[in-house]
Amino acid sequence: MELEEVCFNLRYRRLTFLPDERFLSAVAFVDGFNAALDGVPLRGFREWVAQRVLGEESNLRWFYTVAAAGMPEIAAQNWNLAEIPDGKHSELIDELINLLEEFIRTRQEGS
């Protein structure tokens, strides 16, 4: 499976791959996929997403930056990601997919 397929499956077959619609479940799925491939699929993603979302380098974990992109109050109020309101999870998963797809395109254009 490639990262493009992960994005497709999360967008169109989400509950086939996730136990629920929670953002952290999607993060665990993507992070597990990345770990199974020795970090190659997401190599450079943390730096790229920090620049894309925050406009600067950051030591934040990539999933926190992605969550802050979809809900700026997460970073502004220093939320724990377990505090995400129920109605926001699907939106944040969509934001994750959008950013991953943009990262893939950017990487392909740079090759």
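Give the residues of the stretch 1-23 that are without any contact (Cβ under 8 Å) to a residue 12 or more places away in the chain, open to solvent by less than 50 Å² (accessible area, probe 1.4 Å) and closer than 18 Å to ILE104 by Cβ, sorted by residue number.
ASN9, the sole residue that qualifies.
Contact list please: Cβ distance under 9 Å, first residue in the stretch 24-52 and under 24 Å from GLU83 (Cα atoms) and in contact (Cβ under 8 Å) with a residue 60 or more places away in the chain, second residue charged (D, E, K, R) and outside any loop (DSSP other than H, G, I, E, B), pairs at least six apart or on different chains.
ALA26/ARG14
Pull up the stretch 24-47, narrow it to residues that are of a type in the set (D, E, K, R) and surrounded by 14 or more Cβ atoms within 10 Å (Cβ to Cβ), then point me to the one that is nearest to GLY110 (Cα to Cα).
Within the stretch 24-47, the match that is nearest to GLY110 (Cα to Cα) is ARG46.
Go through (1) more than 25 Å from ARG43 (Cα to Cα); (2) exposed (fewer than 15 other Cβ atoms within 10 Å of the Cβ) one by one and return the number of the condition GLU91 breaks.
(1)
Every residue, every condition in (1) without any contact (Cβ under 8 Å) to a residue 40 or more places away in the chain; (2) of a type outside the set (A, V, I, L, M); (3) open to solvent by 70 Å² or more (accessible area, probe 1.4 Å), yes or no:
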{"residue": "SER58", "(1), (2), (3)": "yes, yes, no"}
{"residue": "ALA75", "(1), (2), (3)": "yes, no, no"}
{"residue": "LEU81", "(1), (2), (3)": "no, no, no"}
{"residue": "PRO85", "(1), (2), (3)": "yes, yes, no"}
{"residue": "LEU96", "(1), (2), (3)": "no, no, no"}
{"residue": "LEU100", "(1), (2), (3)": "no, no, no"}
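The values are calculated or read from the model by the stated rules, or taken from the named source; none is laboratory data. Just so you know, these numbers come straight off a predicted model, no measurement behind them. Counting neighbours? That spans all protein chains shown, and the Cβs are built from the backbone with ideal geometry, glycine included. With ligands, DNA and RNA removed, areas are computed over all heavy atoms of the protein, side chains included. Shrake-Rupley method; radii C 1.70, N 1.55, O 1.52, S 1.80 Å.
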